[in-house]
């Protein structure tokens, strides 16, 4: 009888590591409703429960990825999916330049590459709403957007050059246990092309087309949130094949109930 | 017994595929041709002499073979996308199935009241400027950004309503990620702003028969001369 129980227990422990093993280095995010800077109708959006990578994807992880999926190697990617600066800081198909560090976030990646990376891990890129939801937390609260320190700190980072060369996990983690949403690199989002506030969208978007300046500002819900303004502006200016020095990504996973 | 049969069949199938592959790779490495092309494009697998002019056969250049292997699709071609789409006729296709015709593409959704009717009108205006005898070299493709609502049936009735049911009009319903990916290839931006409404960029894109982007027209009701010229340049 005792042996039976023991065997049963080891079985449970073993299967548990398998079941939860995939979610290693991911934080559980409890969904909720909130008002982002630019939401649907500029009102409340709903975010479901999901898991988010604790750290941005590193150079080391991306090296492993291109080894497994050679179509994303620097010399083999298609021009449809990447631009000239794709993996610019790599020496060749499998090595970084000597000045780069393995534990820095991977940058110079296109949206297509980032999306495929996440899908190959059984994950996906976060939506803008999900990303902003987790990013509005600080160390002690889930919504720190009204704290003056929160905005000041982020803006101070936006002024600091070359943070993409830093290592992951050096900034304090937020209340969800997620590091580096601010202070390291910008990050790709799944639906970054849903941001319609660029200069060019002034003429080719049907909504308030000739009122762009006014409409963009009126749509925004929190005029003090300059940091968020900048993030949305960056997203609006991106194209999916672009690679940037300070643009990386991380993945999320839906929770299957 | 049945399972055994199917397993044996599967193994045979795999074996035949393997042998096909090995043959192909042999061909790729050792193909010879007469330098004078006495017998046209006839190729040999051994470096013999040409039976007509008795010259030594020359190995064929690898680069010509490489292009054949990739079906002539260039790196920038949208035919590299592997997403699946349903047409308004209920057929399942990939974008590469559209190869061979000049493509004029636009992203719309059928419940749209503001910009889409004008975009559709823009597409029809382009259509009227193409000579009738050349229209069969063209394919006007309308891709839905609302794949949940725009089923093949709905697209079909939209096509009939708008007199766009001729063979040179194609409507596509994709998956949510497939649409998002394709929008990114076209640099089209869109966002669902309420359960039935989207705001989106108004861009009409022209692709050549190899799926390479040739021209993009941005905006509503704009002068389409440039777009039409870029299309006519592609036609024979």
Check: Can you find even one residue in region B:118-136 that is within 14 Å of chain A (Cβ to nearest Cβ) and more than 17 Å from residue B:227 (Cα to Cα)?
Finding: no
Item checked: Subset tally (residues that are more than 8 Å from every other protein chain (Cβ to nearest Cβ), in contact (Cβ under 8 Å) with a residue 24 or more places away in the chain and out of contact with any strand residue (DSSP E or B) (no Cβ under 6 Å at 6 or more places or on another chain)) for region B:178-195 -> 3
Check: Within the group B:198, B:207, which residue is modelled with pLDDT of 90 or more, touching a strand residue (DSSP E or B) at 6+ places or on another chain (Cβ under 7 Å) and surrounded by 20 or more Cβ atoms within 10 Å (Cβ to Cβ)?
Finding: B:207
Margin query: If a residue must be surrounded by fewer than 22 Cβ atoms within 10 Å (Cβ to Cβ) and in a strand (DSSP E or B), how many such residues does region B:168-189 contain?
Written below: 1
Check: Here are A:61, A:73: which of them is in contact with a helix residue (DSSP H, G or I) (Cβ under 8 Å, 6 or more places away or on another chain) and within 25 Å of residue A:164 (Cα to Cα)?
Finding: A:73
Check: How many residues, within region A:143-175, are free of Cβ contacts under 8 Å to residues at least 60 places away in the same chain and surrounded by 15 or more Cβ atoms within 10 Å (Cβ to Cβ)?
Finding: 6
Next item on the list: Tell me which of these residue A:71 doesn't satisfy, since it passes every other one: (1) within 14 Å of chain B (Cβ to nearest Cβ); (2) surrounded by fewer than 19 Cβ atoms within 10 Å (Cβ to Cβ); (3) more than 18 Å from residue A:115 (Cβ to Cβ).
Entry: (3)
Notebook entry, point to check: For region A:177-195, which residues satisfy the criterion of being away from chain B (no Cβ under 14 Å) and either under 16 Å from residue A:114 (Cα atoms) or surrounded by 18 or more Cβ atoms within 10 Å (Cβ to Cβ) (or both)?
Noted result: A:178, A:179, A:180, A:181, A:182, A:184, A:185, A:186, A:187
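The values are calculated or read from the model by the stated rules, or taken from the named source; none is laboratory data. Predicted model, so just to flag it, every value in this text is computed and none were measured. Here Cβ is always computed from backbone atoms with ideal geometry, including for glycine, and neighbour counts include all displayed protein chains.
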